[in-house]
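The values are calculated or read from the model by the stated rules, or taken from the named source; none is laboratory data. Values in this document were obtained by computation on a predicted structure and should not be read as measured data. Here the Cβ positions follow ideal geometry from the backbone for every residue, glycine too, while neighbour counts run over all protein chains shown. Areas reflect the complete protein model, heavy atoms only, side chains present, ligands, DNA and RNA absent. Shrake-Rupley method; radii C 1.70, N 1.55, O 1.52, S 1.80 Å.
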Amino acid sequence: MSANHLPKISELVGGQEWADPMPCLVLLCARLDRTMWKYEDANAYRVVLIEAGHIGQNMMLAATRHGLSACPTAALSHSAIKRLLGLDRLTDEPIYALTLSIPETNPRLAARSIN
């Protein structure tokens, strides 16, 4: 994929069009072989998923602390992400994604908090 044609975010997150206006997408990808050396059974995959959840939660906490919104999703278009990032090996996999943005101000809610 060329730098001149970056896909819409929705093309990477399973067609979820709400993500297109978001200014930032963070993709968490795993190199499963780095965990498989320690866990020779299916636990390697489980450990990777647990760690991705921890990373995602910490990113959401940090985003909130800095006044940003964060929205996680596991609806991933694996082949599009792998193509975009050049993940060619069978053991390289997208696991999780988060969008980051500045929250929109709702004028109705702002007016309520003033009164």
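Rounded to the nearest 500, the helix-only mean residue ellipticity at 222 nm of the chain stands at -11500 deg cm²/dmol, with each DSSP H run of n ≥ 4 adding -39,500 (n - 2.57).
Where (i) 32, 19, 10; (ii) 27, 14, 12; (iii) 23, 16, 13 are the candidate values, the label of the one calculated here for semi-axes √(5λ) of the Cα gyration tensor in Å is (i). Within the chain, helices built from complete DSSP H runs that reach 15 Å or longer along their own axis (Cα positions) and carry a mean Kyte-Doolittle hydropathy of -1.0 or higher are 43-65.
Any idea of the accessible area per residue across the chain, 1.4 Å probe, to the nearest Å²? Walk me through the numbers before you get to the answer.
Working: 7940 Å² over 115 residues.
About 69 Å² of surface per residue is accessible.
Stretched out fully, how many nm does the piece from ASP20 to TRP37 gain, at 0.36 nm a residue minus the Cα gap?
On the way: separation 17, 0.36 × 17 = 6.12 nm, distance 3.76 nm.
Contour length minus the Cα-Cα distance gives 2.4 nm.
For the chain, the dipole from Cβ point charges (+1 on Lys and Arg, -1 on Asp and Glu) about the Cα centre works out to 320 debye, to the nearest 20. GNM remark for the chain: springs join alpha carbons under 10 Å apart, and the peak mean-square fluctuation among ILE95, ILE50, ILE81 falls on ILE50. Surface composition of the chain: carbon and sulfur atoms hold 57% of the protein heavy-atom accessible area at a 1.4 Å probe.
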